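The values are calculated or read from the model by the stated rules, or taken from the named source; none is laboratory data. Keep in mind that this is a model prediction, so the values were computed, not measured. Backbone-built Cβ (ideal geometry, glycine too); neighbour counts: all protein chains shown. Protein only, heavy atoms only, side chains kept; ligands, DNA and RNA dropped before computing areas. Shrake-Rupley method; radii C 1.70, N 1.55, O 1.52, S 1.80 Å.
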Amino acid sequence: MSTRIVIIDDHQLFREGVKRILEFEKSFEVVAEGSDGTEAMELVEKHHPNVVLMDINMPNVNGIEATQQLIENFPDSKVIILSIHDDENYVTHALKTGASGYMLKEMDADALIEAIKVVADGGSYLHPKVTHNLVKEYRRLASEEGSGNQFLRQMEIRRPLHLLTRRECEVLQLLADGKSNRAIGDALFISEKTVKNHVSNILQKMNVNDRTQAVVVAIKKGWVEVR
């Protein structure tokens with residue numbers, strides 16, 4: 001079965017570019033497009049998409065408001081926010097409304113395709129740069145919590161060699177650094193396909209659904225540095 005996608009963005013040129021990228025993926029089908037948050041509800045009700053790509057900045061009803069309305073009326077809706085903002089306040093607000101993903105518009109085609117597949121399967125997906133910013137903010141807030149701050153500042157990084165291979169530990173660290181699959185491949189001199197295999201193995205071994213959860217768990221357990 002194909003993954004049915006609705007694109008909501010007020011810039012027609014951007015919509016056309018995204019649609020053209022998605023058309024190369026045989027399992028994807030763009031069933032409708034809209035230019036405003038007010039159209040999102042009608043299009044979802046009419047086309048029953050698996051994933052909605054929602055621009056955050058739109059006239060009248062913006063992407064955050066539209067996402068909140070969608071989730072309230074169609075609780076099973078899976079929305080990926082598209083944004084130019086990497087500030088954690090935007091991200092956390094979007095996730096609180098029920099969005100399943102948050103991607104920066106500087107994303108590459110592979111990242112967008114991967115995000116849609118993960119979200120369609122019930123997971124969540126954040127742009128690597130966004131993940132890194134959130135992890136840094138989490139670390140900062142945690143270090144300010146009274147009795148735990150000294151522990152967090154002095155916490156020794158212990159690689160989970162009981163669970164992951166050394167190469168998988170390296171990949172996990174680079175995920176925490178906010179690197180994309182392509183950037184991880186460049187850093188480790190391996191192919192992007194090999195990186196994807198390592199990431200899949202990491203998720204399975206850590207028993208998490210997506211790379212964001214993997215990074216958060218790794219931070220809490222002291223398996224990666226936040227740098």
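Annotation: amide H-H contacts under 5 Å for Tyr125 (H modelled 1.01 Å from N, sequence separation of 5 or more, or interchain): Gly101, Tyr102.
Put the Cα centre of region 206-227 next to the Cα centre of region 107-136 and the gap is 14 Å.
One quarter of the convex hull surface built on the alpha carbon atoms of the chain amounts to 13.1 nm², the projected area averaged over directions. The long axis of helix 12-23 is offset from the longest Cα principal axis of the chain by roughly 70 degrees.
As a fraction of the 1.4 Å probe accessible area of region 166-221, surface on carbon and sulfur atoms comes out at 46 percent.
Computed from Cα positions, the angle between helix 109-120 and the longest principal axis of the chain comes to roughly 90 degrees. Against the chain, whose longest principal axis is taken from its Cα atoms, helix 63-73 shows a tilt of about 80°. Once the Cα-Cα distance is subtracted from the 0.36 nm per residue extended length, the Asp76 to His47 segment shows a gain of 9.1 nm. Here is the link list: Lys26/Lys179; Lys117/Lys220; Lys19/Lys221; Lys26/Lys196; Lys96/Lys117. Which ones come out longer than 30 Å on Cα distance? Flagged as over cut-off: Lys19/Lys221. Put the Cα centre of region 1-57 next to the Cα centre of region 81-103 and the gap is 18 Å.
For the chain, averaging the sequence separation of C-alpha pairs within contact (under 8 Å, six or more residues apart) and dividing by the residue count gives a relative contact order of 14 percent. Checking every one of the chymotrypsin sites (Phe, Trp or Tyr not before Pro) in region 1-64 against DSSP loop status and a limit of 10 other Cβ atoms within 10 Å picks out Phe24.
Thr194 to Leu13: FRET efficiency via 1/(1 + (r/R0)^6), r the Cβ-Cβ distance, R0 22 Å, to the nearest 0.05? With a Förster radius of 22 Å, E is 0.05.
Taking only protein heavy atoms and a 1.4 Å probe, the accessible area of region 3-130 is 46% carbon and sulfur. For the chain, the solvent-accessible area with a 1.4 angstrom probe is 52 square angstrom per residue. Per q in 0.16, 0.24, 0.30 1/Å, what log10 I(q)/I(0) does a Debye calculation on the alpha-carbon atoms of region 166-221 return? Computed log10 I(q)/I(0) values: -0.39, -0.90, -1.34. Viscosity 0.890 mPa s, temperature 25 °C: Stokes-Einstein D of region 3-130 from its Kirkwood Cα radius, in µm² per second? Here the translational diffusion coefficient equals 175 µm²/s.
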